[in-house]
Every structure is written in C-alpha cells, then in structure tokens.
Amino acid sequence: MSDTAEDEFLDARSLLCPLPVIRTEERVNQLAPGTVLKVRASDPGVLHDIPSWCRVNGHEVLEAREDGDEQVVVLKVGADDDGAS
Amino acid sequence: MSKQPKAVALISGGLDSMLAAQVVKDQGVHVEGINFFTGFCVEGHTHAIRQKDKDKAKRNNALWSAEQVGVKLHIVDISQEYVGVVTNPKHGYGQNLNPCLDCKSFMVAKAREWMEENGFDFIITGEVVGQRPKSQRRETFPVIADESGAGDLLLRPLCAKRFEPTLPEREGWVDREQLYDFSGRSRKPQMALAAHYGFEEYSQPAGGCCFLTDENFSRKLADLWQARGTKEYDLDDIMLLKMGRHIRPAPNYKLIIAREDGENRFMGGYRKRFHTVRDLDNPGPLALVQGEPSADDLETAARITARYGKGRSAEQVRAEITPPGGEAYVAEVAPMPPAQIAEDWHV
C-alpha cells in the first residue's frame, strides 16, 4: 500500500498504549479540521486504539497498517462540533 | 438551563462507568468521557511487549466502552501529577500500595478542572455505594466530593437515589426518577441494566484495573523505594516493574532479567540508562542492572544472567557488560548454580 501524503507527522515510537493515543489527541487538538496526520508507532495496540479513538471523536482513518515492526496510522482531523476535542 | 446540559463521565473501561454514562446520555444530556492515564493502568503494556502475547486481542477498554455508549473519549495523561497521590496518600493505602480514596478524589478533581476548562456542567462517575474498592463507602462519598472540589456537581447515577439530590437533579438537568439506587457488592443490578442496554461484553469491575492493587507489583515498588531511600518513581520505573524477573542480590543493585524476546527488545531501549549484561556465547536474556553496582557486583550479575540462558550448564561463558551509554567489555564468568541464587533475592 502506498503512503498517504500527510500534512503533519507524529513519532509515537517507543511509547506503549495508551500513550500514542494521548499524544495523538494532544496533536489533533492543535490542528485544523481536514489536516492529515500520520502517526508512526511501535506498539501493535495502536492499530486498534487510534482508529477506535478516531471513531468516537469524529476523525477519519485513512490508513492503519503494519510497516515491518512498526505501525502507521493516517487520519484526517474531523470538524469540531459541540464537543471539546 | 435552556441549552443542552453537558456532563463529563469518568470512564474506567469497566461496566459501572459505562452504565453511568449511558443512563445520563439517555436523558438527553451531552456526555463525553474522560479516562486518566496514571501509568499503573492494566491495559496492553505487557501484552504489547511480550512476544508470546502478540496474538492476544489488544483493546483499550475505556475506548471500547465509549464506543458502546456512543460518546467521545478523552484520554488524559496525569502520570506526572499522580506521583504525589501514590507516594503520599492522605488517606493511606489499601491492601497493597493502592491509594484508592486519594486516587478517586484526585481523578474527580482533574475531571472538575476539565469540566471548567471545556464549559461542561457536571461530572458523572460509575460509583456504587458499598461496592469494591473501599473508596466506594457511604462515608467516603462526601470526602471525594469535597476534596475534589466537585461538591454537588458530582452525580453518581447508579446510586443517586440513596443520597440527597445533587445540583443536576435539583436543577432538572437530569430526572432523579430515572436514576438508580444500587448498593452493595452484588453485581446483579448492573448486569440487569447491562442486559437492558444490550451490553453483552464488559470488563472486570473497578479496582482490578490498576497494578497498585497487585501484591507482586506493590512488593516490587516498595523494594524500589527502599533501595533508593525515598518514595520516588518515574514512568520508566513503572514500565520496568511490569516486566522481567527482578533479583536483588544486595541492597545497592538489582537485576531485571528479560523473560522472552519481546522483553529483550523493549529492555534494550534502556541501555543508555542502566548497565546491561548478556551472555555472548549462548542465546539468553538481556539483563538491566539498576543501582550502583561495583565491578564485582556486575560479575555476579553476569553469572546470574547466564543462569537464565541456554549456557546455564556451561563451565564458563563470555559475558558482555556494558555501562550506561558506555563501551562494552567482556568478562569470563561461571553461570551461577540455581541453589546459589538465594530465595530472598527474588523481589
């Protein structure tokens, strides 16, 4: 699968879940809707947790895949609705 | 209130907090979840590290709960501030090093801060009076409300009817008649409510989701504090207490010996912080040596480490000993016979 072009990159390698999710939320909170963020991690749990976090918080997952011993998740920041994220 | 009221729900990943959020959401309240990362959460850490667990499902229960209820979830890192709760709990510890009452008050206080920063109106928890852990006693409920600063903005939907109405009830933001009066250790009311909502799968009850309630983990943490002469820790300490064999041959140093390849890889990331030891001649574990070991101590560490590798029966092995971030050197050592590894060295 080819890489999706990203606007922003987050290196979450060496972090164990849920820290990659926390760092993703912290970064997403600073980004405008529509921004594409690529997260690279080294805990297989991110392939469950970041897409799950995206689903509940209204962000779109464009890719979620293994890349050797690492994992890549690409997401598009959703519109900020009445919530706080 | 003319606008839709907003509540922030503490979501642990267990059934009760999931039900509490659902009950209030059902009343037309805008609910969002919050989950706190303390470093002691029993989630996927050990599964993520250990090779043999690679095929086990890795699910964050708090996220899963939020998906079931259909609410947003914010996972917030409070691990730095949480140190004070663990090292100096005002209300003391439970059976192990679990400061449950201080922990609950602290989390509700953090939820109150989040509520104020984000323009929310009240706080929900899944607490049930009389249930484990011991922070859920009738006399501790007002302590949590007071010490967190939440006061009567703290609503416990599953047992609200057993207490005086809170502000959200008095103001009509929620209908008290649609709240519950659960109490005691029976799980039957919660299971019935879960069935009502169609929740067929849920995780363990409160208290079982924290390493501080674990006797073995608490013993290792107490040993760490004793060796340092101070009740301090950082997140790396907590991660390392969750893995490997911990062997303390003397007060000034401790070995953490990997138990399998996943732990070998993860612990290799700490080479710059601790001495490392491994057998060069045979497959075997990496060991971290914490503390202030002498040259003789490091040879002893190498002998112990060799005992846990494939070269355990060899007369001599070449051990690689590497100082933190320094140059490795090689020492010829004899693997230590199991009988010489004293029982009380095992932490």
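Quick note: the coordinates plus some simple rules give every number you see, no bench work behind them. Just so you know, these numbers come straight off a predicted model, no measurement behind them. Note that we place each Cβ from the backbone using ideal geometry, even for glycine, and neighbour counts take in every protein chain shown.
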- Query: Say each of B:T230 and B:L167 gets a label point 7 Å from the Cα, pointing the same way as Cα to Cβ; how far apart are those two points in nm?
  - Reply: 4.0
- Could you pull out every one of the aspartates and glutamates with an alpha carbon less than 13 Å from that of B:K231, ignoring same-chain neighbours closer than 8 positions? B:D223
- When the C-alpha atoms of the protein assembly as shown are aligned to their principal axes, what extent does each axis show, in angstrom, from largest down? 79, 55, 35
- Task: Measure nothing but the geometry: give the 0 to 90° angle between the long axis through the Cα atoms of A:46-57 and the longest principal axis through the Cα atoms of chain A, rounded to 10°.
- Result: 10
- Message: With the crude spin-label approximation of a point 7 Å out along Cα→Cβ, what separation in nm comes out for B:A222 versus A:D80?
- Response: 4.8
- Query: In bins 5 Å wide, starting from 0, what share of all Cα pairs of the stretch B:6-211 does each bin hold, as a percent?
  - Reply: 1, 7, 16, 21, 22, 17, 10, 4, 2, 1, 0
- Item | About the Cα centre, charge dipole magnitude for chain A (Lys/Arg +1, Asp/Glu -1 at Cβ), debye | 60
- Item | Filtered trypsin sites (Lys or Arg not before Pro), the stretch A:1-82: DSSP coil and at most 16 other beta carbons within 10 Å | A:R13
- Query: Antiparallel as a % of all DSSP beta bridges within chain A, to the nearest 5?
  - Reply: 70
- Note on the structure: Here the net charge surrounding B:D236, from other residues whose Cβ is less than 13 Å away from its Cβ (Lys, Arg +1; Asp, Glu -1), is +1
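Exceeding 20 Å between C-alpha atoms, which entries from my cross-link table qualify? They are B:K90/B:K254; B:K104/B:K220; A:K76/B:K72; B:K25/B:K161; B:K3/B:K25; B:K6/B:K110.
Listed pairs above 20 Å: B:K90/B:K254; B:K104/B:K220.
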- Distance histogram for the stretch A:8-76 (every C-alpha pair counted, 5 angstrom bins, percent rounded to whole numbers): 4, 19, 35, 28, 11, 3, 0
- Message: As an exercise, use a Förster radius of 45 Å and the Cβ-Cβ distance of B:Q27 and B:Q95 to find the FRET efficiency, rounded to the nearest 0.05.
- Response: 0.75
- What is the Cα centroid distance between the stretch B:71-125 and the stretch A:1-67, reported in whole angstrom? 26
- Query: Where in the stretch B:194-303 are there GluC sites (Glu not before Pro) that are in a DSSP coil and have at most 12 other Cβ atoms within 10 angstrom of their Cβ?
  - Reply: B:E200, B:E201, B:E232
- Query: Using alpha carbon centroids, what distance separates the stretch B:210-234 and the stretch B:2-21, in Å?
  - Reply: 32
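Which net charge results for the neighbourhood of B:R187, defined as the other residues with beta-carbon distances under 12 angstrom from its beta-carbon, given Lys and Arg at +1 and Asp and Glu at -1?
Details: positive: B:R132, B:R185, B:K188; negative: B:D16.
Overall, the nearby charge balance is +2.
What net charge is computed for the residues neighbouring B:V333, neighbours being all others with C-beta under 13 Å from the C-beta of B:V333, Lys and Arg scored +1, Asp and Glu -1?
Working: positive: B:R278, B:R303, B:R307, B:R312, B:R318; negative: B:D279, B:D281, B:D296, B:D297, B:E299, B:E315, B:E320, B:E332.
For residues surrounding B:V333, the net value is -3.
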- Among the trypsin sites (Lys or Arg not before Pro) within the stretch B:238-295, which fall in a DSSP loop and have no more than 13 other Cβ atoms within 10 Å of their own Cβ? B:K272, B:R273
- Message: Rounded, prolate or oblate, given the Cα gyration tensor of the stretch B:243-345, with a/c below 1.5 counting as rounded?
- Response: rounded
